[in-house]
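Below is one structure, written out as structure tokens; comments come after it.
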């Protein structure tokens, strides 16, 4: 009978989930059909494999909630992967792992893991491959050239849905960073700070499926500009943004650091605003890979996961930021002057207009891929016409963002994982309710899908 | 003074003028003005002399020396010495070029020997020849699914045309008399091809190869910048990333010198196989 006892019940002892029956068996005998029952039994077995200890399982369920746990399990079928993940430090399937990255500070946790030895500690031999642009990252992940990669947070969703590329199921292990982007304008616009006067501007973003694109569009639209008609938004790889700004090809960009600070350092631009001023706590980049790779190499994936989570935990501490800046500055990684990286990571920076600003949360590192972040991204993809028709927001995000896994592994590594998202999603003063995505999309006056 | 001596003198003078203009143009500007907040100046990197734009000659020299002093240093997967980067690029060029030669020379023979093949294939060659090799890159990445193989494919596709056209031209324009002599001596097709046509067409084929190699060396830099595989093009891109113009200029000079050496190599080959009728 124990197989049919509901392991998704976070309460100890006997009793059922709904509370109306004396035992789970009685509860289940009353309601579901045979098919549902066997599916539940399967999932129950999986959950037991994942958490052999009852107390641990209950803690986990309390932390993430029952529906999320069910969804996460469903996304991880077949069970082979689950069982392997349950024996936490199982033998890794492959030692040599190739990871792609774009040389920007968003990738800090996964880059610093190499010089600071986080990968080595997990028994991995990781080769970090610097890559020229996001389209190339997408192709190399899909071509299986990279085992895992630094990705923009919307990319795994877009690739899984087959928007802008062939469809291939992807998984997001962790969010790399939150905040840490900025709108940089050419110095000639230093007296033209009101977006209402920006008609005809040419802007650059790193990729179509990026927070940069969605935040820039959001910001412009809030000021009455239609991003598809009133301005030009081009895709420019981050490293080429400063050169283009200097050449006058673009008026500004919403780009990743260090290239905002680098434009200031090279006296070609100034920081108009930090993206944290638009949405404090927004995600930017993520770390993930193809779902089939996760299923084939569950232990290697878990080991990578642990390495990056530990790195993110170290990066979250403001006192470590200077050390990290020095570790990731060399030509092998970001290839940037240390003073530039330090300004980005510590948040004490020159704005390019003669002021020294102090914004400690200019960039933050909260690795949990909260599902509501993914839902927000999908609403913007719908808003700007990248997605058409009915969107199953929640289901898609639950399949791609491995939120429960992140929390579980963080706990196992002794890293504090909050049960709820630490900050509510409020973009430019407007709160977002992840339970009602369609209404949110409809609430915008300027949108393509009107 | 001999002509060569005069030419050398003019070359040296031109170089001196260029370097002089460079030196004047890049004299360090005034750095932080006194009124500036010292912390702001430090954050902007203005507490030390800093040039905006082109590096000074001294900076270029220092950067070049730093690169040349450790040409084979290996400080990680994304930071290797200029010698290793060059080896990667030359390896790719050699491979793509060799594959192109394997296809172009036999095919060129067929086209040169058979007027039918010439007429049938000509439209395809004329359409495919003017396509920029880099335009193939997205298609190559999508179909070959491997970035290293894609850059080799791009080298292949750009070096195949000059070789193909020159081979067919060289084969087609072998003197009739020689072919007739071979016929009277009852030499078979294979023997005629290998002992009469091939030696006669070799100088033209080598000219095609020389042109192909020149193009391949032009294209590899762009291909590596696009795809980001290790190599001299990647080196340029990585230093552009860091806006380090000294290193970019250094790399440009290296690319020029290596290109010249490759050209000299094929020039020597051409001389070795040249003949007087």
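State, to one decimal in nm, how far the label point of residue A:127 lies from the label point of residue A:273, with both points 7 Å from Cα in the Cβ direction.
4.4
Roughly how crowded by other chains is peptide A:339-350, in terms of the mean Cβ count from those chains within 10 Å of each of its Cβ atoms? Don't skip to the end; give the middle numbers.
Values: counts 5, 3, 0, 1, 2, 0, 0, 0, 0, 2, 3, 9.
Taking all residues of A:339-350 together, the mean is 2.
At each listed q (0.24, 0.26, 0.29 Å⁻¹), what is the log10 of I(q)/I(0) that the Debye formula gives for the range B:217-277 modelled as equal alpha-carbon point scatterers?
Log10 of I(q)/I(0), two decimals: -0.93, -1.02, -1.14.
So if R0 is 56 Å, what FRET efficiency would residue B:173 and residue B:75 give, r being the distance between their Cβ atoms, rounded to the nearest 0.05?
On the way: r = 54 Å, r/R0 = 0.96.
In this case the efficiency is close to 0.55.
If you wrap a convex hull around the alpha carbons of the range A:303-446, what volume per residue comes out, as a whole number of Å³?
On the way: hull volume 24.7 nm³, N = 144.
Per residue, the Cα convex hull of the range A:303-446 comes to 172 Å³.
Over the residues of the protein assembly as shown, compute the C-alpha Rg and express it relative to 2.2 N^0.38 Å. Walk me through the numbers before you get to the answer.
Numbers: Rg = 30.9 Å, N = 727, 2.2 N^0.38 = 26.9 Å.
With N residues counted in the protein assembly as shown, Rg over 2.2 N^0.38 Å equals 1.15.
Taking every pair of alpha-carbon atoms in the range A:207-295, give the share separated by more than 21 Å as a whole percent. Walk me through the numbers on the way to the answer.
Details: 1491 of 3916 pairs.
More than 21 Å apart: 38 percent of the Cα pairs in the range A:207-295.
Taking each pair of distinct Cα atoms in the range B:161-277 once, what is the resulting Kirkwood hydrodynamic radius in Å?
Hydrodynamic radius (Kirkwood, Cα pairs) of the range B:161-277 is 16.9 Å.
Along the principal axes of its C-alpha atoms, what lengths does chain B span, in descending order and rounded to whole Å?
94, 60, 33
Relative contact order of chain B: what whole-number percent is it, with Cα pairs under 8 angstrom and at least 6 residues apart?
Values: 282 pairs, mean separation 56.5, N = 277.
Taking the mean separation of contacting Cα pairs over the length of chain B, I get 20 percent.
For the range A:211-259, which semi-axes, largest first and in whole Å, follow from the square roots of 5 times the eigenvalues of its Cα gyration tensor?
Square roots of five times the eigenvalues give 20, 12, 8 Å.
Mind giving me the nanometre distance, one decimal, between the label points for residue B:11 and residue A:338, set 7 Å out from Cα along Cα→Cβ?
Those two pseudo-labels are separated by 4.4 nm.
Given 0.36 nm per residue, what is the gain on full extension from residue A:326 to residue A:426 after removing their alpha carbon distance, in nm? Could the numbers behind the result be given before it?
Working: separation 100, 0.36 × 100 = 36.00 nm, distance 3.35 nm.
Contour length minus Cα-Cα distance gives 32.7 nm.
Need the full-extension length gain, residue B:68 to residue B:143, defined as separation in residues times 0.36 nm minus the C-alpha distance. One decimal, nm. The partial results should precede the final answer.
On the way: separation 75, 0.36 × 75 = 27.00 nm, distance 3.84 nm.
Gain on extension, residue B:68 to residue B:143, equals 23.2 nm.
If neighbour count is taken as other Cβ atoms inside 10 Å, put B:263, A:390 in order from fewest to most. Before the final figure, lay out each step's value.
Details: B:263 15, A:390 8.
Taking fewest neighbouring Cβ atoms as first place, the list is A:390, B:263.
Which parts of the range B:86-110 would a label at residue B:120 reach, counting a residue when its backbone N lies under 13 Å from a point 7 Å out along Cα-to-Cβ?
B:110
Please report, largest first and rounded to whole Å, the three semi-axes of the ellipsoid equivalent to the range A:121-194, where each semi-axis is the square root of five times an eigenvalue of the C-alpha gyration tensor. Don't skip to the end; give the middle numbers.
On the way: eigenvalues 185, 63, 33 Å².
Here the semi-axes work out to 30, 18, 13 Å.
What ranking of A:436, A:321, A:138 emerges when the number of other C-beta atoms within 10 Å of each C-beta is taken as an exposure proxy, fewest first? All intermediate terms of the calculation are to be shown ahead of the outcome.
Details: A:436 14, A:321 21, A:138 26.
Ordered by Cβ neighbours within 10 Å, fewest first: A:436, A:321, A:138.
Restricting the calculation to Cα positions, tell me the Rg (one decimal) and the Dmax (whole number) of the range A:319-398 in Å.
18.5, 49
Taking the alpha-carbon centroid of each part, what is the distance from the range A:306-368 to the range A:115-145 in angstrom?
20
Given a Förster distance of 60 Å, report the FRET efficiency between residue A:120 and residue A:197 from their Cβ-Cβ distance, rounded to the nearest 0.05. Numbers along the way, then the final one.
Values: r = 53 Å, r/R0 = 0.88.
Computed FRET efficiency for residue A:120 and residue A:197 comes out at 0.70.
Applying a 10 Å radius around every beta-carbon, put A:411-423, B:216-228 in order of their mean neighbour count, most first.
B:216-228, A:411-423
With a Cα-only, solvent-free Debye model of the range A:399-450, what are the log10 I(q)/I(0) values at q = 0.25 Å⁻¹?
-1.02
State the Cα centre-to-centre distance between the range A:260-292 and the range B:83-146 in whole Å.
For the range A:260-292 versus the range B:83-146, the Cα centre distance is 42 Å.
Take every residue in peptide A:126-138, count the Cβ atoms of other chains within 10 Å of its Cβ, and give the average of those counts.
Numbers: counts 1, 3, 3, 6, 10, 5, 12, 3, 0, 2, 5, 1, 0.
Mean number of neighbouring Cβ atoms from other chains: 4.
Separation between the residue A:232 and residue A:55 pseudo-spin-labels, each 7 Å from Cα along Cα→Cβ, expressed in nm?
Once both label points are built, they end up 6.5 nm from each other.
Taking the Cα centre of each part, how many Å lie between the range B:184-248 and the range A:200-250?
39
Return one quarter of the surface area of the convex hull spanned by the alpha-carbon atoms of the range A:283-357, equal to its mean projected area, in nm².
Working: hull surface 26.9 nm².
Dividing the Cα hull surface by four gives the mean projection, 6.7 nm².
Cα-Cα pairs above 20 Å in the range A:235-372: how many percent?
Details: 5184 of 9453 pairs.
Summing the P(r) of the range A:235-372 above 20 Å gives 55 percent of all pairs.
Once you have the Cα-Cα distance between residue A:144 and residue A:413, take 0.36 nm times their residue separation minus that, and quote the gain in nm to one decimal.
Working: separation 269, 0.36 × 269 = 96.84 nm, distance 2.92 nm.
Extra length from residue A:144 to residue A:413 when fully extended: 93.9 nm.
Where a number appears in this text, it was derived from the coordinates with a stated rule and is not lab data. The model shown is predicted, which means the values in this text are computed figures rather than measured ones. Don't worry about glycine lacking a Cβ; one is built from the backbone with ideal geometry, like all the others, and counts go over all protein chains shown.
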